[in-house]
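Report on the structure given below.
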Amino acid sequence: MTDPDRSPSRARRRLIEGRPITEVMVDGVWAPWDAGARDPFGIPAGPARRDPAPQGAAGVGSDALLPFAPLSFRDFMLYEEHVIAASRGIARTNLPGAYRFTALYERVTGSTFPKFKPPALWYEQPIYYMSNALTFVSTETPVAAPAYADSLDYELELGFVLRAPLRGASPEEALEAIGGYVVLNDFSARNVQLKEMRSGFGPQKAKHFLSSMSADLVAAAGLDATDLGASVSVNGTVVATSSTRNPHHSIAEALAHASRGEQLYPGELFGTGTLPGCSGIEAGVRLHPGDVLELVIENVGTIRHSIAPGGHA
């Protein structure tokens with residue numbers, strides 16, 4: 001039996017003999033969590049399991065379940081370097097004629113093409129969109145692109161979840177309300193994203209079909225989330241390295257902004273936005289069926305997926 005007075009550093013859920021079991025790590029050892037209805041980090045666990053293959057990919061690769069089922073999912077965009085590099089990548093892929101002009105502009109002027117930079121509001125306040133909290137799957141789940149997507153792109157982010165309610169919080173109060181961190185992956189269908197962004201309503205089918213997270217929820221207490229190394233590998237080859245350093249707005253500032261005039265609740269999930277260089281559109285990487293994708297943030301965890309054939313409605 002786990003002593004509820006001792007502080008676990010991690011929590012996870014697994015299927016053991018067909019039953020979802022919560023486990024916690026105390027002093028480096030995993031043990032069943034047996035403290036009645038009390039949750040390890042004060043975060044609602046949510047449903048034991050959701051559809052393990054939302055795009056029709058067959059089979060599940062492990063007994064890992066989501067460490068918690070998010071009540072909602074707000075995804076920020078905190079890194080200027082990612083915004084600029086992803087904008088270049090989208091132009092290079094979808095608007096090759098225009099991209100040649102922008103590349104010439106940047107070579108001649110030695111400066112970033114203005115349209116690749118975030119809008120003015122981005123510099124003034126943290127920007128986010130509401131995504132789909134119901135299509136998260138755990139690491140090791142086979143994944144596939146939906147029928148309308150020509151490919152599947154990844155986006156490595158740091159996720160953070162509330163353990164306490166917030167409203168009109170200061171950055172200090174917001175940081176204190178974070179219960180834990182996960183590795184987060186915001187899958188994208190790039191071929192439809194550009195059209196949706198031009199609608200003025202933000203991403204919809206480009207993003208809402210699938211997201212994923214690591215198996216462990218890491219306690220916020222004791223983790224410095226401001227300087228964590230990160231990497232992306234495809235088929236065992238590292239294609240990008242990055243870190244959580246130097247966001248334009250801090251996690252605390254972003255969460256405080258989200259709480260302005262709005263009640264936030266335990267179990268709501270937030271993402272930092274993609275760490276610099278950690279999407280395929282930036283790295284020039286395109287996923288194909290049979291590939292194995294691995295996303296890592298040090299001291300937090302790993303997401304690993306095999307890519308299955310797409311085309312499912």
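Here are the numbers for the structure shown:
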item: Portion, in percent, of the accessible area of the chain that falls on carbon or sulfur, probe 1.4 Å; result: 53 percent
item: Per residue accessible area in Å² of the range 124-212, where ligands, DNA and RNA are left out and the probe is 1.4 Å; result: 38 Å²
item: Furthest towards positive pole of dipole, G222, S199, S211, structure part the range 134-252, Cβ charges; result: S199
item: Dipole magnitude (debye, nearest 20) for the chain, charges at Cβ of Lys, Arg, Asp, Glu; result: 1080 debye
item: Radius 10 Å from Cβ of S279, net charge of other residues (Lys, Arg +1; Asp, Glu -1); result: -4
item: Chymotrypsin sites (Phe, Trp or Tyr not before Pro) within the range 79-182, DSSP loop, no more than 15 other Cβ atoms inside 10 Å; result: Y148
item: Between the range 235-313 and the range 99-150, the alpha-carbon center distance in angstrom; result: 12 Å
item: Most positive-pole-ward Cα, W33, T237, A11, against dipole of the chain from beta carbon charges; result: T237
item: Cleavage-rule hits (trypsin sites (Lys or Arg not before Pro)) in the range 220-313: DSSP loop, at most 14 neighbouring Cβ within 10 angstrom; result: R245, R260
item: Whole-Hz ³J(HN,Hα) from phi, Karplus 6.51 cos²θ - 1.76 cosθ + 1.60, for the range 135-146, glycine and proline x; result: 10, 7, 10, 7, 3, 6, 6, x, 10, 8, 6, x
item: List V296, V161, ordered by accessible area with a 1.4 Å probe, largest first; result: V296, V161
item: All Cα pairs of the chain, percent lying beyond 32 Å; result: 26 percent
item: Kyte-Doolittle mean at least -1.0 and Cα axial length at least 18 Å: DSSP H helices in the chain; result: 80-94, 96-109
item: Dipole of the chain, positive end: most advanced residue of A103, N132, I303 [Cβ charges, Cα centre]; result: A103
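The values are calculated or read from the model by the stated rules, or taken from the named source; none is laboratory data. Since the model is a prediction, treat every value here as computed from it, not as a measurement. Note that we place each Cβ from the backbone using ideal geometry, even for glycine, and neighbour counts take in every protein chain shown. Areas reflect the complete protein model, heavy atoms only, side chains present, ligands, DNA and RNA absent. Shrake-Rupley method; radii C 1.70, N 1.55, O 1.52, S 1.80 Å.
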